[in-house]
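The values are calculated or read from the model by the stated rules, or taken from the named source; none is laboratory data. Predicted, not measured: the structure shown is a model, and the values here were computed from it. A quick note on method: Cβ atoms are made from the backbone with ideal geometry, for glycine too, and the neighbour counts reach across all protein chains shown. Surface accessibility is based on the protein's heavy atoms, side chains included, excluding ligands, DNA and RNA. Shrake-Rupley method; radii C 1.70, N 1.55, O 1.52, S 1.80 Å.
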Amino acid sequence: MTRAREVDGHRYDVIVVGAGMAGTLVAKRLGDQGWRVLVLEAGTKTLNTWPGHLDAMNTFYSSLIKVPNAPYRANTAAPSPSVLDTLPAKDGHGYRSVGYLVQDGPLPYGTDYLRADGGTGMHWLGLTPRMLPQDFKVRTEFGYGRDWPIGYDDLQHYYCEAEREIGVAGDTAEQAEAIGLPFPEGYVFPMHEIPSSYLDRVLARELDGKSVLDRYTQQQVELQVVNTPHGRNSTPNQAYDGGRGFRPESAAGLPNYGERCVGNSSCTPICPVQAKYNPLKTQERWNRKVTLVDRAVVSRVLVADNGRITGVEYQAYDDPGTPVATTHTVEADIVVVAAHAIETARLLLASEVANSSDQVGRNLMDHPVMLTWGLMPGQIGPFRGPGSTSGFEKFRMGDSRKKHAPWRLVIANWGWTWAAGSPGSDVADLLGIPDSPFKPRGKAVYGNQLRERLGDRIGRQVAFQFELEQDAQPGNRVTIDPRYRDALGNCRPILNYDLSDHVKKGMRAALDVSHQIFQLLGADERTAYPSDAPSYFQYDGAGYTFQGAGHGCGTHVMGDHRHNSVVDQWQRSWDHANLYLVGCGSMPSIGTSNPSLTMAALALRSVEKIHHDLMDLHRPLVLRPTPVPGYAQPREA
Amino acid sequence: MTTRDLLTGLTGFTDIEAPLAELEQPPFEIPRTVPKLRHFLQAALALEFLTIPPYLTAMYTIRPEANREAWYALRAVVMEEMLHMTLVANMLNAVGGKPVVADPEFVTDYPAKLPYARERVPIALRNFGREAVKTGLWIERPERMEDLPGTGEEPDPRGWTSIGQFYATIREGLVRLAERHPDLFSGDLAHQIGPEDFYNSGGMAFPVTDLASALKAIEVIAEQGEGVPGSIYNPDERLFGQAREVAHYFRFMEIYEERRYGPLDTPASGPTGPAMPVDWAAAYRIDPEAKVSDYPKGSQVRAAAEQFNLVYARLLLLLDRSFNGEPKQLQAAVPVMLELRDLAWQLYANPHPDPAKAARGVHASATFEITRAELTAAAAELDAGVGAAALLAALS
Ligand SMILES: Cc1cc2nc3c(=O)[nH]c(=O)nc-3n(C[C@H](O)[C@H](O)[C@H](O)COP(=O)(O)OP(=O)(O)OC[C@H]3O[C@@H](n4cnc5c(N)ncnc54)[C@H](O)[C@@H]3O)c2cc1C
C-alpha cells in the first residue's frame, strides 16, 4: 500500500528506515503478524513496475561501463556511491575519491550500494552461502577479529526461514558433505541447485582430487569444485517443505516471468528476467498493514528524555533531479533502521544516538576481492549462466586461519569482465586501440579474422575471485563531518579503510595458490597488478591490487556487552530499548560467506523479538498477588 | 458471404481465398471407449498446438522495442497455450495413451481452417496487426454452448460448432468412462509433467492421476482462454492462488481496442480502462501464405527458412520425447525454442526475395512447414549429438 509522502501526526507500531533486503523482510513479517508498519525509503520506486525495470535494462544496455550502478538513474536527493568514484591518484601513487563517499584512509573502499526501493539487493550477484559454525568464534578459535554472542545453532531455524523468503537454490547434501554444514534432519533447499557451468565442469575434471600447498602452513589443501547456493530461481524441489514443493517467485511487476534463471550472466548489475531474488518480489507479498513511502530521506532518529526513541524526522522530495525537500516527523513504538551498514552508521552519528560504546561506524568490513586471471588451453564457454555457479571451499576453514585470512575461491563465469574489462578491452586490443590517447595506434585486425580471434580469446578466459575474510578493526570506520554534506544538507559518510596484515598475508597465500592452479590447468596466467592502480599496495616484497565485494558490514556491531558493542544479540540498541539496527552492520565477523543470507536470518530473528516487545507494550497490566516466574497462576476467588 | 460470429460480433477475413488445411477432427460423438477417448485427446493436443505458430508469428514480427505491452500479452497467451498442450499430454498419458507430436500429420499447414467451427475462418501466420489479433479473438472467442453430441451408436450428424463444445464433450466422456472403468487412470506416473519441468506460465503444470485432476486440467484449458463464464478473468486465482489475470480473449481485445479493461469491466462492457496505445505500423509485414518454395533456391533467405523448419522439427522431436516418458527433455527443448525465435527474427528482418513483394514492404518469414524429410534430418542431427547435452556428456 502506498500513501502520500506527508504522514506527519500519524502513529505507527513500527517504522522501518530503508526498503532494502533487510527492511523489506522485517516489514513483511511484522505486517503478516498484524502490526502497522511504515517503511520510509530514501530512493524512488520506479523499479517496482515492469516499465521501470525495462528502463533500467535500456540504461544498462546503453552504458559504456557496466558497473553495478550502471542501470540505475542518478538521484541528487539520495545519492549513491559508484565504484567509478575511486580513481588513481594524479601522481600515480594511491587513489583519490570523487563522488558521494568521502575517503581519506590508507586504502580505498572500492564498493558501492544503491539507494532506491529494493536497495543494493537490486544489483547483488545473488550468492547465498551460509556461514560456517567456526566463523562465529574467530577470536576464540583463531585469535583474530571478534566473536559473535550467538552461534550457528541459534541461527539454524532462521537460515531455513531466510532460504524460504529469498528462494534459495542449492544442494544441501553437497553442502553438508563438502563443507560440513549442519542442516535440520531431512531439510532441502526450496529449489534444486543452479546447474554448474561448463567451466565449472572443466575445472572439476582437471582439478578435483588434486591439491595445492599453503606456503604458511606447509599443508596440502585438496581442491574440489562445489556448487554454490543461490538466491535465484531454478527447478523447484518437490521434496521441499515436507513434500509440498515450492513455486518460484515471478518478476516484480510481471506475473509468470523469470521463474527460471536462463543464464544471461549479467546478474550484477541487473537480471533481465528477474530470476534473481530482489526485495521487490517480497514487497509484492506485503499485506495492507505495510505502507511504503518513497522519496523520504530519514535525516534524524528522534530520542526522548527517557532514552526511548519517539520516531524519525525525514525529508520528502519530489524530483530526484532537484535537491529540494520538506521536513516531516512521524512516530512509532519501535524504530528499525535498516539503511545499509554505511548509511545506518551515518544516520546514527548524525542523530547522536545509540553510541555510548563509541563503536558506531567502527569495524567496517568487506570481503576484499583479489582477482587472478588467465587463458585456458581450450574453449570453456564463459558468459553462459550466472556470474558464478561454483567455488573451491576448503580454503575457508581450519587452522590456516590462525596464520592468515581465509578466503572463498569463487570461479568467475564472466571471463575477464571484472579483471580486465572484457570483452570491450579485447575488441579495443585487437583493433590496436591503445589504453592511452598519447600512445600510437597498433596494428588492427578486422572482419572474419577479428571475429575469430575474439571468439578464441574470450572463449578461453578464466578468472578467479579470491574473496578474503576481513577482520573487524576499530580503525576502519565511518565518521561524519559537518563540512561534508550532500545536496539536502545531510552529512556524507567519511570512510577510513585499510587491510590488516592478517588479510594481506591471506592475499600472499592466495596468490601462491592461484599460481599453482593455473599451472595444474596448463593455463597461461595473465594476472597483473599495475602499481598505479588505486588499490595498489605492497606486502612482503610483492605488489597487489584488490576490489570491493559490496559486502559492507560491522558498523553497528553486535556483542554481549553494552560497553563494547552497539547492539545485543537481537540487533537491539543497548542504549535505546525500542531501537533496532538491522543489517550486515550488526555482524561482528563475516567469515567467507557473502553476507546477505546471514543478514536475512538475523533480521527474521529480530522480528520475533520485535513482535514480543510490541505485545508486551500493548498487553494491559493485570496485577496478580504472587507472580510465579514464567507461569501465570489462576487467581483464588 | 461474410462471416460473422453471433455472440461477439467478430467478422471474418476476406484476404485468403486459397483452400485451407483442415485439422483432423474426431466424429461428433461422446467418446464411449478408452481408445476413442485417447483419439479425442490426441486431437486436443493437435488443436492446442495449432494456435502456437500464429501467436508466435504475431509476437516475433513486432519490431524490436515496439509495442511492449502487446508483446508481453502475446507472450503470456502463448505460454499458456504451451501449458494447455502439456496438460492435454498429461491427460492422454494418464489414460494410457501415447502422445504423438513428431509426425507430419500432427502439424497442420497454414493457413488452416478454424477447427470445431461452422464458419470458414482462416488461421494464418500473420504479422502483428489487427488481422493477427482478430485471428486470436476467433480462436479464443467465448461461445454460447450448443448441445453436446447425442449418445446414440452412430456419430451425431449435426457436427462440431465450437472448441468449448469439443472440450465439454471430452469432459463428458471422461466422467462416463471413469464410472465404468475404475482403472481408467492407470498410465505410468513417470510420464507426467509437473512444475519441475514446465514453468513461466499462468496456472501451472500438474500431474493428472485421477478424474478430479483431469477435470481440473480441462477447466484450466477452457477458462484461461475464454475466461471464467461471465467474467473477463481466468481461473488462476481460484485454482492456483495466483494473481487475477485477464483471459486470452480479453487480452486480445485489449490490444485490438488499444485500451485496458478496468476493475469493473465485464465481457459486455468491453474495455473502459486506461488507453494502451499500439503502433500498428511497428511490425515486419509478411505474406500470410508464405511457403519455403516461394524463396528462390540457393538464396540465403531460402537457406534460413529451411534451417528454421529443421530446428522446428528438432523441437517437435524433443517435445515428443518429453511427453513420452522423458520429461527432462523439456530442459533441452527450451533452448531450441529460443533458437527458433532468433532464426525467425533473422527472417523477418530481411526483405522478401521477390522484388515486387519487397517493394510493397513485405519481408521474408518463417513458414513452420514440417514433412517427413525435416523430421528425419532433425532426428539424425540429434543422434549425432547436437546441442549442449552432448558437450556435457563428453566431459564425464
Ligand atoms: C555488486 C554487489 C554484489 C553483491 N553480491 C552479493 C551476493 O552475491 N551475495 C550476498 O550475500 N550479498 C551480496 N552483496 C551485498 C548485498 O547487496 C547487501 O548485503 C544487501 O543488499 C544489504 O541489504 P540492506 O537491506 O542492509 O541494505 P540495502 O540493500 O543497501 O538497502 C538499504 C535501503 O535503505 C535506503 N536508505 C538509505 N539511507 C536511507 C535514509 N537515510 N532514509 C531512508 N532510506 C534510506 C536505501 O535507499 C536502500 O533502499 C552484493 C553487493 C554488491 C554491491
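In summary, the lysines within cross-link reach of residue B:113, defined as a Cα separation below 20 angstrom excluding same-chain residues under 8 places away, comprise B:134, B:291. Taking the accessible area of chain A, probe 1.4 Å, and keeping the other protein chains in place, the carbon and sulfur fraction comes to 50%. The lysines within cross-link reach of residue B:297, meaning a Cα-to-Cα straight distance under 18 Å and a gap of 8 or more places when in the same chain, are B:357. Name the residues of region A:284-318 whose amide N is less than 14 Å from a point 7 angstrom out from the Cα of residue A:324 along the C-beta direction? Under cut-off, by backbone N: A:316-318.
Label positions at residue B:275 and residue A:62, each projected 7 Å from the Cα along the C-beta direction, are separated by 2.4 nm.
If you plug the beta carbon distance of residue A:431 and residue B:66 into 1/(1 + (r/R0)^6) with R0 = 22 Å, you get a FRET efficiency near 0.10.
Were the residues from residue B:237 through residue B:2 laid out at 0.36 nm apart, the gain over their Cα-Cα distance would be 80.7 nm. The dipole here belongs to chain B: it is taken about the Cα centre, uses +1 on the Cβ of Lys and Arg and -1 on the Cβ of Asp and Glu, and is about 520 debye.
Here residue B:328 is the anchor, and the lysines within straight C-alpha reach of less than 25 Å, apart from those fewer than 8 places off in the same chain, are A:276, B:98, B:216.
Take A:503-512, B:268-277 and order them by the average number of nearby Cβ atoms within 10 Å per residue, most first; the result is A:503-512, B:268-277.
When the trypsin sites (Lys or Arg not before Pro) in region B:270-321 are filtered for DSSP coil states and for at most 14 other beta-carbon atoms within 10 Å of their beta-carbon, the remaining sites are B:291, B:297.
Model label sites at residue B:11 and residue A:617, defined 7 Å from Cα along the beta-carbon direction, differ in position by 6.6 nm. Between A and B, roughly 1700 Å² of accessible area is buried in total, ligands, DNA and RNA not counted and the probe set to 1.4 Å. In plain terms, chain B is cut at each of the GluC sites (Glu not before Pro) found in a DSSP loop with at most 16 other Cβ atoms within 10 Å, and the longest leftover piece is B:259-396. Mark the label point 7 Å from the Cα of residue A:501 along Cα→Cβ and return the residues of region A:195-221 whose backbone N is within less than 20 Å of it. Those under the cut-off are A:215-218. With r as the distance between the Cβ atoms of residue B:345 and residue A:141 and R0 = 51 Å, compute the FRET efficiency 1/(1 + (r/R0)^6) and round to 0.05. That pair, residue A:141 with residue B:345, gives E of 0.35.
Mean residue ellipticity at 222 nm, helices only, chain A: -7000 deg cm²/dmol; runs of at least 4 DSSP H residues each add -39,500 (n - 2.57), and the sum is divided by the number of residues. What is the list of residues in region B:272-311 whose amide nitrogen lies under 19 Å from a point 7 angstrom out from the Cα of residue B:373, following Cα to Cβ? Answer for region B:272-311: B:290-311. Peptide packing: for A:296-307, B:82-93, the average count of neighbouring Cβ atoms within 10 Å per residue gives the ranking B:82-93, A:296-307, highest mean first. When only the Cβ of Lys, Arg, Asp and Glu is charged (+1, +1, -1, -1), the dipole of the protein assembly as shown relative to its Cα centre reaches about 1700 debye. Put a dot 7 Å past the Cα of residue B:293, heading toward its Cβ, do the same for residue B:244, and the two dots end up 5.2 nm apart. Just to confirm the number: angle between the C-alpha axis of helix A:198-207 and the first principal axis of chain A, 0 to 90 degrees, nearest 10? Its long axis makes an angle of about 70 degrees. One Cα centroid belongs to region A:355-391, the other to region A:43-99; the line between them spans 19 Å. In chain B, a dipole from Cβ-located charges (positive for Lys and Arg, negative for Asp and Glu) runs towards its positive end, and of B:386, B:89, B:256 it is B:256 whose Cα lies farthest in that direction. Comparing Cα centroids, region A:163-220 and region B:137-216 end up 45 angstrom apart. Within the shell of other residues whose beta carbon sits under 13 angstrom from the beta carbon of residue B:27, the net charge comes to -2, with Lys and Arg scored +1 and Asp and Glu -1.
If a helix is a whole DSSP H run, which ones in chain B reach 27 Å or further along their own axis (Cα) and hold a mean Kyte-Doolittle hydropathy of at least 0.5? Flagged H segments are B:34-60.
With viscosity set to 0.692 mPa s and temperature to 37 °C, compute the Stokes-Einstein D of the protein assembly as shown, Rh being the Kirkwood radius across alpha carbon pairs; µm²/s, no decimals. Using the Kirkwood radius from Cα pairs, D works out to 104 µm²/s. Amide H to amide H distances under 5 Å link residue A:578 with A:309, where only residues 5 or more positions off or on other chains count and H is placed in the peptide plane. For chain A, A:160, A:261, A:267, A:271, A:491 have no disulfide-compatible partner, since no other Cys C-beta lies under 4.7 Å from theirs.
Computed from backbone phi with θ = phi - 60° and the Karplus coefficients 6.51, -1.76 and 1.60, the 3J(HN,Hα) list for region A:228-235 is 9, x, 10, x, 8, 5, 9, 5 Hz; x is used for glycine and proline.
Of the cross-linked pairs A:210/A:505; A:90/A:504; A:439/A:505; A:66/A:439; A:137/A:394, those separated by over 30 Å at the C-alpha level are A:439/A:505. The mean count of C-beta atoms from other chains within 10 Å of the C-beta of residues in B:199-206, rounded to a whole number, is 4. So for region B:290-396, considering every pair of alpha-carbon atoms, how many percent are separated by more than 23 Å? Of all Cα-Cα distances in region B:290-396, 35 percent exceed 23 Å.
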